[in-house]
Amino acid sequence: MKFSYLIAGAASAALLASSAFAQEFNLRFQTHYTPEQLSGQLAQEFIDNVETMSGGRVKIEMFWSSSVVSSTEGFDAAATGILDGEMHGGAYQTGKNPAFQFVGDPMGGYNNPYEMYSFLYNGGGLEAANELYNQYNMQLVGWWAGGQEAMSSAKPLAGPADLVDWKFRSPPGLETEIFAELGASPIVMDFTEVFTALETGIIDGADYSSLANNVGIGLYDVVKHATFPGFHSMPADHVTINLDVWNSFPDDIKRIFEVATQALALQTTMRFDLANAEAAVGLKEAGVTLYDWSPEDRAEFRAGAMAAWEGWAEKTPEARAIVDAHYAFLRRMGMIE
């Protein structure tokens, strides 16, 4: 009798395991990228990885170019179940909580994406971020970052001294505070206004995008100076999933998403590194001067950035917690005292 119970129990366990393994998930995701852009191609590779590693148990329908809701609304659409996940960026949600700035773009904090990934995976960043994300019924799976953006200028930008009275196009928010702290004159304006403003001398330069993207739009036909590698801004896109959906996944599906996101991060950084390096070669040949700030100059900028971080950290407990997590990791790295 005992043997028959053991057989029955083993059969039941096998049936449950088989049922869990057979469970399928049809998910709806959104990104602001087009499938033709490099980041869009990388997002498609992420989808292919998830679907292949899951043996077809996970299928992702991607809505490109923010075709369901606007980019800023993608997070809420996933949180409320209109979507199952989204691949925009945390910085879009700073109006919801300023803490999102420090998971979307911890400006001035890190020299390259690898340091930022290390904070996420080895410095408590993922746990700290998910204390924030989970409050909004979302799970942060990970980041994918193309690297530091370049500052473009009609004047030299060899170090912090050149920022004094430098008028440049800036996005709103934390960046304007950081650069004002260092003596610059940030002017908030739309991307569409940059070329005319540079040509007419209304501004001396612009924070626009990465070096390769700036080349692609012809920015260096107008100005002949740029920072490379950059130092000021390294926005990260994220992979997020509705928390209820995430909790419904068996452990192997969760692991597949985590590993696929890490692969996405590595491929994103490598591909953008290459594109930016190739752009730098062409720009030097074309007579554009590139400025690689010294460790001392980067440290000076970081100190100015962190003065602005403090103001934002005091806005909410969540912002304080994530900023403190960055501080602790940067001290471990020897990047701040």
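The values are calculated or read from the model by the stated rules, or taken from the named source; none is laboratory data. Every value quoted in this text rests on a predicted model; they were computed, and no experiment measured them. Note that each Cβ is placed from the backbone with ideal geometry, even for glycine, and that neighbours are counted across all protein chains shown.
In contact with a Pro (Cβ under 9 Å, 6 or more places away or on another chain), surrounded by fewer than 17 Cβ atoms within 10 Å (Cβ to Cβ) and at pLDDT below 95: is that true of SER70 in this structure?
Against the criterion (in contact with a Pro (Cβ under 9 Å, 6 or more places away or on another chain), surrounded by fewer than 17 Cβ atoms within 10 Å (Cβ to Cβ) and at pLDDT below 95), SER70 does not qualify.
Looking only at the range 92-108, which residues are assigned to a loop (DSSP other than H, G, I, E, B) and in contact (Cβ under 8 Å) with a residue 40 or more places away in the chain?
Listed by number, the residues that qualify are THR94, LYS96, ASN97, ASP105, PRO106, MET107, GLY108.
If you take the residues in the range 147-177 that are assigned to a loop (DSSP other than H, G, I, E, B) and among the aliphatic types (A, V, I, L, M), which one is surrounded by the most Cβ atoms within 10 Å (Cβ to Cβ)?
ALA150
Considering ALA150, ALA158, which residue is farther than 27 Å from THR240 by Cβ and either without any contact (Cβ under 8 Å) to a residue 40 or more places away in the chain or under 18 Å from the mean Cα position of the chain (by Cα) (or both)?
None of the other options fit; the residue is ALA150.
Name every residue in the range 178-205 that is within 20 Å of the chain's Cα centre (by Cα) and within 20 Å of PHE231 (Cβ to Cβ), in order of residue number.
Correct list: ILE178 only.
Listed residues ILE241, ILE322; which is closer than 26 Å to GLN44 by Cβ, in contact (Cβ under 8 Å) with a residue 12 or more places away in the chain and not hydroxyl-bearing (Ser, Thr, Tyr)?
Criteria check complete, one pass: ILE241.
Starting from the range 263-275, take each residue that is within 9 Å of ALA212 (Cα to Cα) and buried (at least 18 other Cβ atoms within 10 Å of the Cβ) and list its partners that are modelled with pLDDT under 95 and among the polar types (S, T, N, Q), counting only C-beta distances under 9 angstrom and pairs at least six apart or across chains.
Hits for this filter: PHE272/SER39; PHE272/SER210; ALA275/SER210; ALA275/ASN213.
Only one of ASN111, ASN134, ASN130 is under 25 Å from TRP312 (Cβ atoms) and either assigned to a loop (DSSP other than H, G, I, E, B) or of a type in the set (Gly, Ala, Ser) (or both). Can you tell me which?
Selected residue: ASN111, the only one of ASN111, ASN134, ASN130 that is under 25 Å from TRP312 (Cβ atoms) and either assigned to a loop (DSSP other than H, G, I, E, B) or of a type in the set (Gly, Ala, Ser) (or both).
Determine which single condition TRP293 fails, assuming it passes every other condition in (1) under 22 Å from the mean Cα position of the chain (by Cα); (2) surrounded by 20 or more Cβ atoms within 10 Å (Cβ to Cβ).
For TRP293, the exception is condition (1).
Given the structure, is ASP252 exposed (fewer than 15 other Cβ atoms within 10 Å of the Cβ) and either within 19 Å of SER153 (Cβ to Cβ) or not acidic (Asp, Glu) (or both)?
When the stated conditions are applied, ASP252 does not pass them.
Considering every residue within the range 90-98, establish whether at least one is more than 11 Å from the chain's Cα centre (by Cα) and under 16 Å from MET306 (Cα atoms).
Yes.
Would you confirm whether or not the range 150-172 contains a residue that is modelled with pLDDT under 95, of a type outside the set (S, T, N, Q) and at positive phi?
no
Here are some residues: GLY85, GLY108. Which one is on the phi > 0 side of the Ramachandran plot and either more than 13 Å from the chain's Cα centre (by Cα) or surrounded by fewer than 22 Cβ atoms within 10 Å (Cβ to Cβ) (or both)?
GLY108
Please work out which one of (1) touching a helix residue (DSSP H, G or I) at 6+ places or on another chain (Cβ under 7 Å); (2) of a type in the set (Phe, Trp, Tyr); (3) farther than 16 Å from ASN130 by Cα is the condition PHE257 fails and give its number.
(3)
Return the pair list, or none, for Cβ contacts closer than 6 Å from residues in the range 187-215 that are among the aliphatic types (A, V, I, L, M) to residues that are part of a helix (DSSP H, G or I) and crowded, with 22+ Cβ neighbours inside 10 Å, at least 6 apart or on different chains.
ALA206/VAL194; LEU211/ASN276; LEU211/ALA279; ALA212/ASN276; ALA212/ALA279; VAL215/ALA279
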